[in-house]
Amino acid sequence: MPLSKKIFISYCHKDEAFKEDLVEHLSSLKRNGDISIWNDRDINAGDKWKDEIDQNLEDADMILFLITPSFLASEYCFEVEAKRAFEKEEEGTARLIPIAVRDCVWTNTPFGGFQGLPKDGKAVKLWDDTDTAWKFVVEQLAKVLADFKPKKKELNKQLDLTTFISANEKTLNWLDDTELSYSHRKVDNVLLSHIYVTPDLMVTSDVNEDEIKYVNSEKHLESKGYYFLLGEEQQGKTTLLKNKYKNSLKNSVLPVYIDIFKANVNKSDLSKYLKKAIEEQYDNLSFEQYIEYPEKILLLDNLDKIKLNNKALDHFFVNIESMFNCVVITAHDSYAFMSSESNHLSEYHSIEIQNLGHVKREEMAKKWLSLGVEETINEHDLYKRCEEVTVYLNSIIRKNIMPAKPVNILMLMQILETNEGHNLEMTSHGHCYQKLIYQHLEKANVKDDSETSKCLNFLTELAWSIFNNKGPLNQHKLEEFGKSYNKIFLPVDPSHLVSILTSAQILKERDGLFSFSYPYIYYFFSARKIAEGYSNDEAIRNVFSEILNGLHREDFANIVVFITHHSKEPWVTENVSSVLSTLFSTQTEAMLTKEELSFMDDFIGQIPDIVMETKEVEKVRALRNQRKDEIDRFEIANSSEISSVEDDHVPKDILASINKTFKGMDVAGQIIKNRHASLTRDTLYDLAQNGTATGLRFLDYFISISDATKVEIVNVVKNLIEESPTISDAEINDHAKKMYYHLIYGVVSSVIKKIASSVGSKEAFEIYKALEEDSNSPALTLIRQSIDLQFNRKLDTDEISKTAFKLKNNSVCTRILKEIVVQHTYMFPVEYQTKQKLENLLGISTKRQRQLDLKTVGKG
């Protein structure tokens, strides 16, 4: 919203109707944010009316006088308001414009020296169509507004931000306070400035509501204007205001912060709360000096906690806009409906704070890992640890089943660091989810072990009821659940428990339907029910079989993963392995031997060889994370469309099997990553073998159907490109075949990398080495090498040399190896000497790479 100019309307109350007509015609300028309007009807009951008029007249950029016989006869209008208006016109701090409304003699008054409206001084009332008259007036006012730049008012005392004004020590400490205690092995006290990253904002286009863009909050809020920021609990709204406060001080702008809840705002008189806030936050600054200072900003937190009715709230906003031309207001996202119902909020830029995506999570991880060792940490070690942390975070967040709020990310990193090298069970994903749930309960003052146990049991049974209902419970079904619960367990007050759990943000109610606030909580308790009841309850065993059969579904796959967090019993891994073994069971595992891929040798020989380009690690990683964020946002925005898309040409059982294959590999990998310390070597081997074998059987299926349908695929591609009249038939055929081979190669390469990322684990690396040793499969050699680089994150040239030797004369697998290695050099700093070795080992050119390496000298 551009900086608006304030219009003061001076008129006689006998001309109220004309004033209202003018305000109505000015509404378009007000809606666009060009102006704010004040007249004495905006004075609240009980306010000192003269002080209000004087203050708003003083703040005005344009003063409109509605000239009528009654106005000229009014001593106050003519002697008080007009007198100060003439002074402001002379100072250059405001423009004075008389508007002839009713016919009278006014050109011989002091107003006669000013260009009046409408044209030729013809009073509005004398026009045949008064709307036309007002339209002309507003058009002329708009031109004056566009051209007029008011001079800044001289201060009674010059304010020097570097000496005279300073935020007091209490405020400065608050600005750097995380407000939660974090432990770090390198520093005693973690400050907000150590770990803060600016969140992204989702902004809707003013022109097209369907057009959404994501912007950096710090840059977006640089411009003056009125902003209404929405977000969930603990999503970083207050912290964002703190950051804005600090940046404002650095830019010689005076911020003032008011927490609506803590200030107990129950009056529309903003001055009362401003005075107290200024006194608490600054030294040597009075309320009068603050108001007079031209560069200031209001930061208003927790608007959803305000205790004003709609009328008083309107007055509250009028007071805000009369004092400030830059305002940032925050509220819980449930308050969003108010922005459409409030005339004032609807004029604000409504924006939504976002959880931390891949870019921001890595930025926070780098800050956390560098804390206390900023000047000594080696660059390679930093990126290696950063990759470990972000992979860990992503495996817990998964597809947004847990909200990536800053507080959650910090808590997870703290758990990972605190327990590193000690009790591996404490770093398990299940423990992280459980700790988050316990934190929610503590917020609702559920701290007693007995009460906690009662809530956990209630939530377990409720999750199972929601699962069996195939969705949220309405009020009636919730009541029936409560009755059923009390027949089985010791009686509780279901309504009271639901109220507590809703306040703890574990449960939510929307449109009369009750469900869990976040998916991970639902999955956690549904899985807990299955894990606890599997051995003794046949019905639960049958449901678990149905879940495994539907493993292609996102929710079922997540429940299976969560079951592994609750149970160490062998039935979990045995069932998962059994399901994996049935997928594409009629296919053999693709080995990717030279003979198997010989049909692609000519294609590989024709495409350009791989070259290590000049790329900076930080930029490449940022680009990768940006792409991941874009994919996540697209999937969230189009989740219903994506889930409903089906290919009529592919049997549904095949689509389900493909989906189940990739979900199954993920599940097997999650079990290996989380249970490597407690599972036997044989169990780990079976899981890893079944996971990789399933992926390779799918790859064999893909290659076989691609070969069988080669003619059809080539013909489809030919039809797409043969429209060009400049390409001969022979060239069309050649292009089509190359595109076909590109498709085959791309899928083969992607599936190998997917198997490695899904099933791989740093701790269980020797299991993958055993798999390779037990087979003479180039595919398993590539998978083992990919796992080594992805999870050990160390470029061992001796190992790569061995891998290259095993894949010698296999052009397709050798190229995939080159891709994997080169991609690693883009993601992690690699010494120049190591790149020279790679050039000799793999025939990868390192031209122009020396220049980049020289840039990074001294960073470690």
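Data table
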| quantity | calculated |
| --- | --- |
| Hz values of 3J(HN,Hα) by residue in the range 177-182 - Karplus curve (6.51, -1.76, 1.60), Gly and Pro given as x | 8, 6, 6, 9, 8, 10 |
| Residues C813, C77 arranged by fewest to most Cβ contacts within 10 Å | C77, C813 |
| Cross-link pairs beyond the 32 Å C-alpha cut-off, checked among K483/K673; K594/K663; K170/K454 | K483/K673; K170/K454 |
| Over the range 310-358 - Rg/Rh using Cα atoms and the Kirkwood inverse-distance radius | 1.03 |
| Gain on full stretching of the segment that runs from E773 to S166 - 0.36 nm per residue minus C-alpha separation | 211.6 nm |
| Cβ-placed point charges (K, R +1; D, E -1), dipole of the range 453-576 about Cα centre in debye, nearest 20 | 160 |
| Order of L313, L838 - criterion: other Cβ atoms within 10 Å of each residue's Cβ, fewest first | L313, L838 |
| Pairwise label distance in nanometres, E280 with E613, each label 7 Å out on the Cα-Cβ vector | 5.4 |
| Residue order, fewest to most beta carbons within 10 Å, for D304, D59 | D304, D59 |
| Cβ-derived FRET efficiency at R0 51 Å, E509 paired with K806, nearest 0.05 | 0.30 |
| Cα-Cα over 28 Å, subset of K30/K296; K305/K443; K50/K276; K487/K660; K296/K366 | K487/K660; K296/K366 |
| Scaled radius of gyration (Cα, divided by 2.2 N^0.38 Å) that the range 654-809 gives | 1.28 |
| Anisotropy class of the range 5-147 from Cα gyration tensor, a/c 1.5 cut | rounded |
| Three-way shape call for the range 557-622 based on the alpha-carbon gyration tensor, with the a/c threshold at 1.5 | oblate |
| Coordinate range along principal axes, alpha carbons of the range 743-815, Å, largest first | 33, 24, 24 |
| Folded to 0 to 90 degrees: helix 379-397 orientation relative to the chain principal axis, Cα | 90 |
| Antiparallel %, DSSP beta bridges [both residues in the chain], to 5 | 30 |
| Neighbourhood net charge (12 Å Cβ-Cβ; Lys/Arg +1, Asp/Glu -1) for N469 | +1 |
| The range 358-427 shape via C-alpha gyration tensor axes, a/c threshold 1.5 | oblate |
| Charged-residue dipole, Cβ positions (Lys, Arg, Asp, Glu), the range 461-509 about Cα centre, Debye nearest 20 | 140 |
| Stokes-Einstein D for the range 256-310, Kirkwood Rh over Cα pairs, 10 °C, 1.306 mPa s (µm²/s) | 133 |
| Backbone N under 14 Å from the K122 label point (7 Å along Cα→Cβ), restricted to the range 81-112 | 100-101, 103 |
| Extreme residue, positive dipole direction of the range 234-352, given options Q281, V327, L298 (C-beta unit charges) | Q281 |
| Order by protection proxy (mean Cβ within 10 Å, highest first), peptides 255-263, 463-471 | 255-263, 463-471 |
| Peptide ranges 170-182, 744-756 listed from the most packed, as the mean C-beta count within 10 angstrom indicates | 744-756, 170-182 |
| Helix 617-637 axis, angle to the chain major axis (alpha carbon atoms, nearest 10°) | 80 |
| Area projected by the alpha carbon convex hull of the chain, averaged over all directions, nm² | 47.5 |
| Chain lengthening between N468 and K305 when straightened (0.36 nm per residue, less Cα-Cα) | 55.0 nm |
| Equivalent-ellipsoid semi-axes of the range 166-353, from the Cα gyration tensor, Å, largest first | 25, 23, 16 |
| Pairwise label distance in nanometres, E538 with H431, each label 7 Å out on the Cα-Cβ vector | 3.9 |
| Protection proxy ranking of 521-529, 240-248, 282-290 - average other beta-carbon atoms within 10 Å, highest first | 521-529, 240-248, 282-290 |
| Calculated over the range 434-567: convex hull of Cα atoms, volume per residue (Å³) | 110 |
| Dipole magnitude of the range 5-147, debye to nearest 20 (Cβ charges: Lys/Arg +1, Asp/Glu -1, about Cα centre) | 260 |
| Gain in span if fully extended, E379 to S183, counting 0.36 nm per residue against the direct Cα distance | 68.2 nm |
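Readers should treat all values here as calculations from the given coordinates under stated rules, not as data from a laboratory. Small disclaimer: the values here were computed from a predicted structure and weren't measured. As a convention, Cβ positions derive from the backbone with ideal geometry for all residues, glycine included, and neighbour counts pool all protein chains shown.
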